[in-house]
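Peer 1: What follows is a single structure, and I will ask about it in a moment.
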Amino acid sequence: MPDSPLTVGVVHSVGEIAAEAWNRLVPGRDGRPDNPFLDHAFFSALERSGSAGRRTGWQPHHLALTDAEGRTVGLMPLYLKSHSQGEYVFDHGWAEAFQRAGGAYYPKLQCSVPFTPVTGPRFLAESDAGRLALLTAARQLAERAGISSVHATFVEADEAELARQSGWLLRHDTQYHWRNDGFSSFEEFLGTLSSRHRKAMRRERREAIGGNGLSVRWLTGTDLTEAAWDHFFAFYQDTGSRKWGRPYLNREFFSLLSEAMADRVLLMFACDGDVPIAGTLSLIGHERLYGRYWGAIRDVPFLHFELCYYQAIDYAIAHGLKVVEAGAQGEHKLARGYAPTTTRSVHWIGHPGLRDAVARFLAEERNSVEHEQQTLARYTPFRHGEPPK
């Protein structure tokens, strides 16, 4: 960028960037990001705990954009990756095809919040010129180092369009989000559903909790003791080991997260007497509740739905939050009032042959996602066919 007063450097630890400088570039209020996953403290907990680092294949290569006065005016959370785990946007097929053709897909560069399928800003800058500078710098970094590709996942719509206009490839996928239409109670929300779905949800809630003599506790702030985290980590390990062989996050991460962001963390426990037997972890945004992890040490019918979906709705209504994001995938969420929502990622691929093949695949995939969402819209549980806006 010879005509630009902006310069870009690679930063190998989020700790090298002041928290104030980082958080100032993230949309928020009073110096705190709207989206808690983009808080400097969240990245710091990932890196300080070793959950995201060289050993786990998430080597920090953050881009820092500075102006002529040396002020940080742009950031891109970026990692050099030796695999495609923990991303929730799947490119394993691209890697295998390229490697069968004699190419080296790994390492690659990944712009994301590690292990987090939550949409939010990825090109953190004060202007479109700054965002374009970050996109250009990421591509140039890959080209100079002979890296196959750069991927930015769960980007916002305007960022996706900016990247697409800059020659990056666009990918669409689907998540399921619940929207609060100013409801005063869960029962008022149920009133927007068809009779069949209202009855099903009431039955599931009744059987999950009352039918098993359980109670539910919400823990945040000073209630997040180390003993509570020990309980939750046991749940998390059980689910993680069954889903992907080894949980991505270690025990230290949760302590560091609680130390820095306790007022933005929510644990929900299902308890048998005083003993927690299952739990979820969510993060609290200014307008959204973000459900992330679930686990249980006892199999209780419908308890997953109760803690992950219905209790999240209860919390959002009680605290005036507009949206609940319940994580990646899951068509079963549709019947529980969570509506299809488009997510986006963008991809720069250096090799022309691989790029052309991926571009053709993504064009077909976008059409498929659009068609699928149109089909799903016909099966919503709402009485009038449309979810709350």
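Peer 1: Can you tell me the convex hull volume per residue for segment 203-314, based on C-alpha atoms, in Å³ to the nearest whole number?
Peer 2: Spread over its residues, the Cα hull of segment 203-314 gives 97 Å³ apiece.
Peer 1: Could you give the length gained by full extension between ARG100 and ASP128, i.e. 0.36 nm per residue of separation minus their alpha carbon distance, to one decimal place?
Peer 2: Taking ARG100 through ASP128 to full extension adds about 6.3 nm, to one decimal.
Peer 1: When ranked by the protection proxy of mean other Cβ atoms within 10 Å per residue, highest first, what sequence do the peptides 214-227, 339-352 form?
Peer 2: Answer by packing, highest mean first, reads 339-352, 214-227.
Peer 1: Okay, next question. With a sphere of radius 14 Å drawn around the Cβ of ILE313, what net charge do the other residues whose Cβ falls strictly inside it have (Lys, Arg +1; Asp, Glu -1)? Could you put the intermediate results ahead of the total?
Peer 2: Details: positive: ARG179, ARG198, ARG202, ARG205, ARG288, LYS322, LYS333, ARG336; negative: ASP181, GLU187, GLU188, GLU204, GLU306, ASP314, GLU325.
Once all neighbours under 14 Å are counted, the net charge is +1.
Peer 1: Would you calculate the volume per residue, in Å³, of the smallest convex hull containing every Cα atom of the chain?
Peer 2: It comes to 142 Å³ per residue, whole-number rounded.
Peer 1: Let me know the charge dipole size of segment 326-367 about its Cα centre in debye, to the nearest 20, where only the beta-carbon of Lys, Arg (+1) and Asp, Glu (-1) is charged.
Peer 2: Once rounded to the nearest 20, the dipole reads 140 debye.
Peer 1: Note the angle between two axes, namely the Cα long axis of helix 352-376 and the longest principal axis of the Cα atoms of the chain, as a number of degrees from 0 to 90, rounded to the nearest 10.
Peer 2: For 352-376 against the chain, the angle is about 20 degrees.
Peer 1: Same structure, new question: Quick one: Cα centre-to-centre distance for segment 318-389 and segment 57-93, in angstrom?
Peer 2: Comparing the Cα centres of segment 318-389 and segment 57-93, I get a distance of 24 Å.
Peer 1: Further question on the same structure: In Å, what Rg and Dmax follow from the Cα atoms of segment 117-200?
Peer 2: In Å, with Rg to one decimal and Dmax whole: 20.0, 60.
Peer 1: Then there's this: Quick check: net charge around ASP34, other residues with Cβ under 9 Å of its Cβ, Lys/Arg +1 and Asp/Glu -1?
Peer 2: +2
Peer 1: State the number of lysine pairs found in the chain whose Cα atoms come within less than 29 Å, restricting to pairs 8 or more positions apart or on distinct chains.
Peer 2: The number of close lysine pairs in the chain is 10.
Peer 1: Grab the DSSP H runs of the chain that are 4 residues or longer, score each as -39,500 (n - 2.57), total them, divide by all residues and round the 222 nm result to the nearest 500 deg cm²/dmol.
Peer 2: After summing the helix terms and dividing by residue count, I get -10500 deg cm²/dmol.
Peer 1: Another question, then. Evaluate E = 1/(1 + (r/R0)^6) for GLU143 and GLU364, where r is the Cβ-Cβ distance and R0 equals 25 Å; express this FRET efficiency to the nearest 0.05.
Peer 2: On the way: r = 28 Å, r/R0 = 1.11.
For R0 = 25 Å, the calculated efficiency reads 0.35.
Peer 1: To continue, here is another question. Quick one: putting +1 on the C-beta of Lys and Arg, -1 on the C-beta of Asp and Glu, what dipole do you get for segment 132-242 around its Cα centre, in Debye to the nearest 20? Can you show the working numbers first?
Peer 2: Working: 14 positive and 15 negative charges, 113 e Å.
Around 540 debye, computed over segment 132-242.
Peer 1: For helix 128-145, what angle does its Cα long axis make with the longest principal axis of the chain, in degrees from 0 to 90 and rounded to 10?
Peer 2: On a 0 to 90 degree scale, this one is about 70.
Peer 1: Still on this structure, I have one more. Using R₀ = 25 Å, calculate the FRET efficiency as 1/(1 + (r/R₀)^6) where r is the Cβ-Cβ separation of ARG32 and PHE90; round to 0.05.
Peer 2: Working: r = 32 Å, r/R0 = 1.29.
Here the calculated transfer efficiency is 0.20.
Peer 1: Something else now. For the chain, what does the relative contact order come out to in percent, with C-alpha contacts under 8 Å and a separation of six or more? Each step should come with its number before you reach the end.
Peer 2: Working: 713 pairs, mean separation 76.6, N = 389.
That works out to 20 percent.
Peer 1: Treat every Asp and Glu Cβ in the chain as -1 and every Lys and Arg Cβ as +1, leave all other atoms uncharged, and give the resulting dipole magnitude about the Cα centre to the nearest 20 debye. Spell out each step's value before the answer.
Peer 2: Working: 43 positive and 46 negative charges, 190 e Å.
Here the chain has a charge dipole of around 920 debye.
Peer 1: Same structure again: In Å, the Kirkwood hydrodynamic radius of segment 1-111 over pairs of distinct alpha carbons?
Peer 2: For segment 1-111, the Kirkwood estimate is 15.6 Å.
The numbers here are math on the coordinates, done by the rules we state, and not lab data. None of the values given here were measured: they were computed from a predicted structure. As a convention, Cβ positions derive from the backbone with ideal geometry for all residues, glycine included, and neighbour counts pool all protein chains shown.
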